[in-house]
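A short write-up of the structure that comes next.
Just so it is clear, none of the values below were taken in a lab; they were calculated from the coordinates. Keep in mind it's a predicted model, so treat the numbers as computed, not measured. Neighbour counts are summed over all protein chains in view; Cβ atoms, including those assigned to glycine, are modelled from backbone coordinates with ideal geometry.
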Amino acid sequence: MHTLGGATDEVPDRMRARYDHEFWNSYADTNEERYDREFAERLVYTASALGCASVLEVGCGTAVDMRLLPDTVSIYGVDPNYRALAIARSKMPHACFLRGMIAEMPFVDSSVDLVFTHGLLNYLDDQTLERGMHEMYRVARKHIMSCEWFGESESPVDQRSRLRNMVRRWTGLGAAVMADAPIHVRDAAVRPSETFPATRITLISKIS
């Protein structure tokens, strides 16, 4: 199966201007501290239960979420941050990590069994989010999973992020929702002793 489509480490000029290098470089430096074993184990279980032979994380950062995936799974990650990708490649040399943005990913149609995000969609503006969802749907062969901070009305969290109602958005795109459930994700780098309570995992099945 041909997966990559014109793969390159260059981010389009029209998207580069909106990328906050300072913020995301800092995020990459603390990403290893954000490792959540419960989520990583859930990803392994989900991929196995759904019979997925390939997995792509969009906005993979240093790829902490995919460290427990077995070598029998083809692992892909895409992220615009050089620093994060360098760490990911050093930690998982058997995987394929590419520089790119969610709104224009270097993968051919229906090429990866499971495409997922974890803590990315909250940081996107509405236009980029909509384009990114269409891209995820295009690249996914079977399933899509998003794990994001949840809010019914998608109210702002701060100047950089806002809550998202992904089950409503995926349903609006015409996708078949398989599961939508709360999960407690510990973010040690931001809230050392707290759990962000409003995080939900939404799993959808692609309708051909």
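Within 10 Å, count the other beta carbons around each residue, average over each peptide in 118-129, 43-54, 139-150, and list them highest first.
Values: 118-129: 18.7, 43-54: 16.2, 139-150: 22.9.
By packing density, highest mean first, the sequence is 139-150, 118-129, 43-54.
Take GLU130, GLU33 and order them by how many other Cβ atoms sit within 10 Å, fewest up front.
On the way: GLU130 15, GLU33 12.
In increasing order of surrounding Cβ atoms, one gets GLU33, GLU130.
If I model a spin label as a point 7 Å beyond the Cα along the Cα-Cβ vector, how far apart are those points for ILE183 and ASP109 in nm?
Placing both labels 7 Å beyond Cα along the Cβ direction yields 3.0 nm.
Report the gain in length on full extension from SER155 to LEU68: 0.36 nm times residue separation, minus Cα-Cα distance, nm rounded to one decimal.
Once the chain is fully extended between SER155 and LEU68, it gains 28.0 nm.
Using the basic label-point model (7 angstrom from Cα toward the beta carbon), what is the HIS94 to ALA198 distance in nanometres?
Placing both labels 7 Å beyond Cα along the Cβ direction yields 4.0 nm.
Taking 0.36 nm per residue of sequence separation and subtracting the Cα-Cα distance, how much length would be gained by fully extending the chain between GLU33 and GLU130, in nm to one decimal?
Values: separation 97, 0.36 × 97 = 34.92 nm, distance 2.95 nm.
Result: 32.0 nm gained on full extension.
At a Förster radius of 30 Å, what calculated FRET efficiency corresponds to the Cβ-Cβ distance of ILE207 and HIS21, to the nearest 0.05? Intermediate results must be reported in sequence, preceding the final value.
Working: r = 37 Å, r/R0 = 1.24.
E(calc), rounded to 0.05, equals 0.20.
Once phi is turned into ³J(HN,Hα) by the Karplus curve 6.51 cos²θ - 1.76 cosθ + 1.60 with θ = phi - 60°, what whole-Hz value does each residue of region 157-170 show in order, with x for glycine and proline?
Rounded to whole hertz, the list is 8, 7, 6, 9, 9, 8, 5, 10, 10, 6, 5, 5, 5, 5.
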